[in-house]
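Comments concern the structure below.
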Amino acid sequence: MSLWGSSVDRSLRHVPRPTGPARANAAGRDSLRAMIFGAGPAVGWGVATHDLALPGAFARALSAATGRGADVDLAADPDISISSALQAVLAMQLWRYDVIVIVLGVNDATRLTPLGTWQQKLDDLVAGVEEATSTGTKVVVTGIQPIRSIPTFDSVFGTVADQHAAEMNAITQQVCARSERATFAPLTSVSAVNTTRHREPAAYTHWAGEIARVIPAGLNDVLRVPRDPHRPSAADEPAHEAHRQRALDRMGLNAVPNVRLDRMVSIARRALRTTSALFTVIDGDRQWHKARSGTQVTEIARSDGFCDFTIRTREGMIVCDARKDPRFRNNPLVTGKPFIRFYAGFPIESPTGERIGALCVFDSDPRAESDVDMVYLRELAHLAQRELERDGRDDPGDRHR
């Protein structure tokens, strides 16, 4: 089996897999935040983008099942197994998620991990995830898809691994049944239309539907649980801010113009019919502007900015009339030029999930909350976020085109 596993590993080196930011989104209000963690189907073998792989398919399936927006992050490692999973997943900021999907087992099935080890480690993993998340977070543990449905495993050795996977799936069901918040989602085989491909997008759509199907029954509980229940207390806020600042520093942002970001900010200003729009970066004690439209101001004090409040939210912030809001009524940008009355902003995140700034629009005329299309602002913020990540990878000359 070990020689077979080595030959399979070599063959997978030539199979395409997604590149770029490991996240996907589906439009909608009051968006749910989900994390997909693991190996196997989580990796996205056979497709070139995360939108075609499990993150994109699950974002769409979750949104369709709940009627809400969906933001899905991915933490995938093709080599991860049950033995290394707990340490890896607990290193993440799990408190940020409404749904956590654990996709493990293919590596352990093909290595014939002892069933007792699988049960003990899976019990520890589920307990660890539940302890690190709020009581409203839904935990889904997927089953192992039929091993021989994976082209590289379709052999007599795959039959042995398939039998082992079936026993592991039975144990996974038992572990989830003992848990208050974990649910088992089977991953069934999918008939390939194009047999020359390792995996087709239709397979990820099929599996995403199977995962989303087990979630809605208890998802309303999420609405009754306060957002970000594991956010740091006031006493821990300095450490949290230091962590956020380190994430920003790692991005190496600067004020060099980016034509694509400038265009997105202009679109936000026109679409939401405001006089000004900004892509802000909250950096130390200042708020500087990576892109702007309708204003020439390049930087203000963080204490004067509305966006410092926006990055403390996950759903964005609307201020209908700043004169009537105790947080802002004495703000110098309200009492003096530009005499801000209306503001709407949505947070921008680093590749590792820290909120480092915001896409915002503002105006000197107040307006009703019902007049603000926050779904559209959210979508623009996600586009700007992806552009910001690409900005760090592209040739500098490309940013001015």
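Quick notes
- Amide H contacts under 5 Å for I100, placed H, 5+ residues apart: M35, K138, V139, V140
- With a Förster radius of 30 Å applied to the beta-carbon distance between A127 and T188, the computed FRET efficiency rounds to 0.65.
- Rounded to the nearest 20, the Cβ-based charge dipole of the chain about its Cα centre (Lys and Arg +1, Asp and Glu -1) stands at 920 debye.
- Sorting 277-285, 177-185, 366-374 by their mean Cβ neighbour count within 10 Å, with the most densely packed peptide first, gives 277-285, 177-185, 366-374.
- With the simple model of a label 7 Å out from the Cα in the direction of the Cβ, V156 to S83 spans 2.8 nm.
- Value of relative contact order over the chain, rounded to a whole percent, pairs C-alpha under 8 Å and six or more apart: 13
- Label corresponding to Cα Rg over 2.2 N^0.38 Å when calculated from the structure given, among [x] 0.94; [y] 1.19; [z] 1.07: [z]
- Whether segment 235-400 is rounded, prolate or oblate, judged on the alpha carbon gyration tensor where a/c under 1.5 counts as rounded: oblate
- Proxy reagent accessibility, fewest Cβ within 10 Å first, across L86, L272, L388: L86, L272, L388
- Ranked by the mean number of other Cβ atoms within 10 Å of their residues, highest first, the peptides 309-316, 238-245 come out as 309-316, 238-245.
Bear in mind that the values in this text are calculations on the coordinates, not laboratory data. The shown structure was predicted, so the numbers you read here are calculated from the model rather than taken from an experiment. Every residue, glycine as well, gets a Cβ built from its backbone with ideal geometry; the counts of neighbours run over all protein chains shown.
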